[in-house]
Amino acid sequence: MLNDSSDTLLKSNLANLIHRGKVRDTYAIDEKTLLMVSTDRVSAYDVVMPNAIPGKGAILNQMSIFWFGMTKDIVPNHLINFAMDTENMDLPADVQRRSMIVKKAERIDIECVVRGYITGSALEEYKNSGKIAGVEMPVGMKEGDRFERPIFTPATKAETGHDENISIENMEDMIGGELTHVLERMTLGIYQFAHEYALNKNIIIADTKMEFGFIDGKLSLIDELLTPDSSRFWDKNLYSPGNTQPNYDKQFVRDWLARQGWDREPPAPKLPEDIINKTSIRYREAFDKLTEIDLR
């Protein structure tokens, strides 16, 4: 059962740890290969919560593997194999189902965010300035409205503290115009493919973020892809512009935190059991609807 507290991995403990992020623990296998473990840790507003969502890491891992396979002909990615399908991987079972073997990449420190609908921080920015990522938007947009075409809104990637939304001009200053526009094109291409696919599964991908890096000089997708952590998934059949949308992602956690009056700085409040269970159910529903494969 997904929300069974016995199936919880808050932290992995293997040899050769090279990085422990907000959600993922990364280990060196050799000079060119990494083991990436998706734990059950959950973060909101760039702060890790004190308790975990049971089974969440397995969903993130296996959903990313699904999408990497679906999109590999659009943009190359870092995936080598699912740890459960790899021989001679001497890993605990709870780690194995949450892990993938990936190629080591030189990461680009930009989060490539694409938005098909206005919500979240984009809606806040729009209400304050009429702009999103420095670009003027049509007057009168409301929560959940679909953009005429998806928009690219990059953000800086912070190791600690909060990621910050930046303009495309800022991104060009940081990494150069040519690379900026290649990343924009790749991000929009993946989103448009996934959005159309998901609509046929009765899910709207409202927005998502992607990360890229260079692998042997080739620009590639890295980290995770189109998961309930990195995306907003809405119920297509209940979609209602102007209202808060029923979702299959961690917006449920964000909404609960907002009601607590938390200032978005550590330490975060402990999530109640009810919020943990309902979030678990939403993540599993997203996985089942989008992939139609068995969670292992």
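If the requirement is being touching a strand residue (DSSP E or B) at 6+ places or on another chain (Cβ under 6 Å), closer than 29 Å to LYS32 by Cα and at pLDDT below 95, which of these qualifies: LYS209, LYS157? Working first, answer last.
Details: LYS209 fails: at pLDDT below 95.
Of LYS209, LYS157, the one residue that is touching a strand residue (DSSP E or B) at 6+ places or on another chain (Cβ under 6 Å), closer than 29 Å to LYS32 by Cα and at pLDDT below 95 is LYS157.
From the list ILE59, ILE18, exactly one residue is over 15 Å from ASP249 (Cα atoms) and of a type outside the set (D, E, K, R). Which is it? Walk me through how you get there before you give the answer.
Numbers: ILE59 fails: over 15 Å from ASP249 (Cα atoms).
Exactly one residue qualifies, and that residue is ILE18.
Select from segment 242-263 the residues that are more than 21 Å from ASP288 (Cβ to Cβ), in contact (Cβ under 8 Å) with a residue 12 or more places away in the chain and out of contact with any Asp or Glu (no Cβ under 8 Å at 6 or more places or on another chain) and list them in ascending order. Write out each step before concluding.
Residues of segment 242-263 that are more than 21 Å from ASP288 (Cβ to Cβ), as a first pass: 242-244, 254-263.
Filter once more, so that each one left must be in contact (Cβ under 8 Å) with a residue 12 or more places away in the chain: 242-244, 254, 256-257.
Those that are more than 21 Å from ASP288 (Cβ to Cβ), in contact (Cβ under 8 Å) with a residue 12 or more places away in the chain and out of contact with any Asp or Glu (no Cβ under 8 Å at 6 or more places or on another chain): ARG254, TRP256, LEU257.
Of all residues in segment 269-290, how many are under 14 Å from TYR45 (Cα atoms) and within 20 Å of the chain's Cα centre (by Cα)?
At the first step, the residues of segment 269-290 found to be under 14 Å from TYR45 (Cα atoms) are 269.
Filter once more, so that each one left must be within 20 Å of the chain's Cα centre (by Cα): none.
Qualifying residue count for the region: 0.
For segment 53-97, enumerate the residues that are modelled with pLDDT of 95 or more, part of a loop (DSSP other than H, G, I, E, B) and among the acidic types (Asp, Glu).
ASP73
Can you tell me which residue is nearest to PRO150 (Cα to Cα) among those in segment 96-118 that are touching a helix residue (DSSP H, G or I) at 6+ places or on another chain (Cβ under 9 Å), crowded, with 21+ Cβ neighbours inside 10 Å and β-branched (Val, Ile, Thr)?
VAL114
Do you know which residues across segment 83-95 are surrounded by fewer than 19 Cβ atoms within 10 Å (Cβ to Cβ) and hydrophobic (A, V, I, L, M, F, W, C)?
The answer is MET84, MET89, LEU91, ALA93.
Select from segment 20-57 the residues that are of a type in the set (S, T, N, Q), under 26 Å from GLU164 (Cβ atoms), surrounded by fewer than 23 Cβ atoms within 10 Å (Cβ to Cβ) and more than 13 Å from the chain's Cα centre (by Cα) and list them in ascending order.
THR26
The values are calculated or read from the model by the stated rules, or taken from the named source; none is laboratory data. All figures in this text were calculated on a predicted structure; none of them were measured in a lab. Neighbour counts run over all protein chains shown; Cβ positions are idealised from the backbone, glycine included.
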